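Contents: one structure, followed by commentary.
The values are calculated or read from the model by the stated rules, or taken from the named source; none is laboratory data. Given the structure is predicted, the values throughout are model-derived calculations rather than measurements. Cβ sites come from the backbone with ideal geometry, for glycine too, and all protein chains shown count toward neighbours.
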């Protein structure tokens, strides 16, 4: 189970100033086909205004929504003695305002590989891509393409906190990024 991811891009809010930012919660199963390999299909729920555009029914009314979108996803983790790796792929589909010009869908993927400095600390490079796959107001496009690094702190019971930061590879986007995720695998 992975618990909230806190997004820091103001553009993910209603007005572009950080209002009604996006949160995501999900659950899934963990399959261990071999030593060190975990495959986790998941389903998540977003809350906020990114996918629905914040439209709230009445003409011009805007605000955050519980159940803004649904996220089927797959995470594949590898954990060896000194090396770890992660792949994530998820499809973010609007649950509200799908026929409205404000509803959006996204394909989100990342990959990283890290070095375990100890049983509790790891770090390494991180690549992440978010593509807009349904944009009623225009054509699909890259929302961001990030390259940076992460540091992760892990406790013995599977709880972790990861801080990721770096630069946007697309000069037309808003620039540097940082993201914090916390979770627990069991």
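Here is a list of conditions, (1) modelled with pLDDT under 85; (2) surrounded by 13 or more Cβ atoms within 10 Å (Cβ to Cβ), and residue 137 meets all of them except one; can you say which number that is?
Only one criterion is unmet by residue 137, namely (2).
When you scan the stretch 48-81, how many residues do you find that are outside any loop (DSSP other than H, G, I, E, B) and either at pLDDT 65 or above or under 27 Å from residue 33 (Cβ atoms) (or both)?
Summing the residues that are outside any loop (DSSP other than H, G, I, E, B) and either at pLDDT 65 or above or under 27 Å from residue 33 (Cβ atoms) (or both) in the stretch 48-81 gives 16.
Keeping to the stretch 168-186, report how many residues are more than 17 Å from the chain's Cα centre (by Cα) and at pLDDT 85 or above.
The qualifying residues number 1.
If you take the residues of the stretch 92-104 that are surrounded by fewer than 20 Cβ atoms within 10 Å (Cβ to Cβ) and in contact with a strand residue (DSSP E or B) (Cβ under 6 Å, 6 or more places away or on another chain), which of them is modelled with the highest pLDDT?
93
Quick one: how many residues across the stretch 113-128 are buried (at least 18 other Cβ atoms within 10 Å of the Cβ) and at pLDDT below 95?
Of the residues in that region, 1 qualify.
Taking the stretch 140-180 on its own, how many of its residues are under 19 Å from residue 114 (Cβ atoms) and not in a loop (DSSP other than H, G, I, E, B)?
Counting residues in the stretch 140-180 that are under 19 Å from residue 114 (Cβ atoms) and not in a loop (DSSP other than H, G, I, E, B) gives 22.
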